[in-house]
Structures are given as C-alpha cells and as structure tokens.
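Notes follow the structure.
Coordinate-derived values only; no laboratory data. Predicted model, so just to flag it, every value in this text is computed and none were measured. Cβ atoms come from the backbone with ideal geometry, glycine included; neighbour counts cover every protein chain shown.
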Amino acid sequence: MNKSVIFLFLAFTLATSCAQKSDYVVTIKTNQGEMIALLYDETPKHKANFIKLAKEHYFDSLLFHRVIAGFMIQGGDPNSKKARPGEQLGNGGPGYTVDAEFNPKFFHEKGALSAARLGDGQNPTKASSGSQFYIVQGTIIPESNMDDLRIDQMKLNMGFRQLMQNPANKPLIDSLNQVYMAGDMEGYKRKIFALVPRIEKETGMKITKDVSPEKIKAYTTVGGAAHLDGDYTVFGKVIKGLDVIDKIAAVQTSSERPLEDIRMFVTVEEMSKKKITKLYGYVYPEVKK
C-alpha cells in the first residue's frame, strides 16, 4: 500500500471515528506550560496529517521559531530541531503540502490552530504547509470597530475609487480630503465607512459581509486575528492553556525568533467525547441529522 493510500485511509478512519463517540486530544508541551487542543472533523486532511505527524513524533523538540506578540506563535519547521542561535527558520517541511480546507465556521479567534503556508504569489491555491502551524493570540476588537469585520476592505477600496472618478461626486471628495488633510484619520475612516451603502448602490458591488454572532462575540471578548480569515486554514482550537500562548508571545525575540529556544513535544490521545467534556469543559456542537 503506497503512502498516499495510507494517508487517505487514515483520513477516512479519523473522520469516521470522530463523527461517533471519540475524538483525538492534542497535547503540546513546552517549557512555558502545556496547551490542549482539538482538531476539527470538517478539515479531515489537516486533522489526519497532524495526527499522523504527532504519532510519528515529528514535532518533538521542534521550536516555536516565530513569535509576534499580539498576533501568533508559529512552529513545526523540522529545520528548527538542530538550529543554531539566530539561524533564520521557516522554510522547512515534510516535502508536501495539504490542500486548503476553508470553512466559514472556523475563524482566527484566540487559540485557533491554523496552518502556515507560502504566500499567494508562490501558492495561488493557498495550500497549507505539511507541518508548520501557528496558534493565534491576536487582540480584542472594540465593538466600535465592528465595521472592520463587516466590510470587505479590498472591495471598499475598489468601489471608492470608482466613486472618486465620477465628476458629480467632486463636492463629496473635497470634503473627505479636508478631513484627511486635517489629520483626523479616525474621522476619515468613519466617513468612508458611512459611504458604503452609497458605494454599493452606485457600483453594484456588495461590500458588506455577513458576520455570525459567534464571530462577533469571540473577536470582541477573547480577540483574535480577523484579517487572516478566509486566507489560511483553521483546523483546530486550543481548549486549555490560552495563558501559555500569552507566556510564549511575551518572550524576548530577535527578528521574531525567541532568544531562548521554546521547544514543543506533541502527543495525541484518542478519548471519548464525554471524557473530553468532563476534563476540559469543551461542549461539542450538536450534529444536525
């Protein structure tokens, strides 16, 4: 049986077992403490791959080699196991990628376990790294800034440029320029956002996005990194040890690499969902029939 067949069989087995009464608990141990995570059934390729690597002890002794306070902690580069101090990391992997598995239910709230990847220029399909992953720390978005979530900034920019090209809108553009030149950037931003209904009407573009109540609650309470949504695959979630993310994110770094090595040791254990709920307080969503 070749490796691809084995991988597909493992993915099917995991999806089948996890849809029933058991699931896999991921434990990531570091010198800053340990994090407990679950992996989503709805991202079966990522789930199967991560569990496979963990069972092979692939992650053991690798570094969290990239740390950005208020954003995320990243690891999983096999080159980090024996890396010299100050050595640049982030290009290593197992020699394959994993197809993107975007799901609007999963987003970059604090604790989100997500797959790193190469940029769009080299990677137009947004395929994930075979082993590198990051865990979100992020920041809390004030409720007053919810328009940042509800508005597609790229489409807004396109629509606003079209609005500016219409000579009939010159008085409006002049008034906006006055606010901009006065240095009132918050006021300028509010005025631009207030123009969204007009831009949508004049250009025919849909600029506003539907944002679930769950996402709004998460980003305004525990925080996250909303700008990554839809671009990187979120395939799991830390359910215990969010404070450990904060501890790692707070360490001193040079060029985003911690000055003191933070190594990980990753294990997976199959466990009944009832036991997971009892131990960690995680309540599984009801499966609709």
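Overview of results
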| read-out | value |
| --- | --- |
| Computed magnitude of the charge dipole of the stretch 67-160 (debye, nearest 20; Cβ of K, R +1, Cβ of D, E -1) | 340 debye |
| Loop-exposed GluC sites (Glu not before Pro) per DSSP, neighbour cap 15 Cβ within 10 angstrom, longest uninterrupted part of the chain | 88-255 |
| Using θ = phi - 60° and Karplus 6.51 cos²θ - 1.76 cosθ + 1.60, couplings along the stretch 221-228 (whole Hz; Gly, Pro as x) | 10, 8, x, x, 9, 4, 5, 8 |
| Farthest positive-ward along the chain dipole, Cα basis, beta-carbon charges - from TYR284, ALA182, MET146 | TYR284 |
| Local electrostatic count, GLU186, Cβ distance below 14 Å [Lys/Arg +1, Asp/Glu -1] | 0 |
| Over the stretch 152-203: Rg over Rh, Cα atoms, Kirkwood Rh | 0.95 |
| Value at 222 nm in deg cm²/dmol, rounded to 500, when DSSP H runs of n ≥ 4 in the chain each add -39,500 (n - 2.57) | -10000 deg cm²/dmol |
| Two-site label geometry, PHE102 and ALA69: point separation in nm, points 7 Å out along Cα→Cβ | 3.3 nm |
| Sorted by Cβ neighbour density within 10 Å, fewest at the top, the residues SER255, SER129 | SER255, SER129 |
| Cα-based convex hull volume of the chain per residue, rounded to whole Å³ | 169 Å³ |
| Net dipole in debye of the chain [+1 Lys, Arg Cβ; -1 Asp, Glu Cβ; about Cα centre; nearest 20] | 560 debye |
| Pairwise label distance in nanometres, GLU143 with LYS275, each label 7 Å out on the Cα-Cβ vector | 4.2 nm |
| Centroid-to-centroid separation of the stretch 25-99 and the stretch 194-265 [C-alpha atoms, Å] | 18 Å |
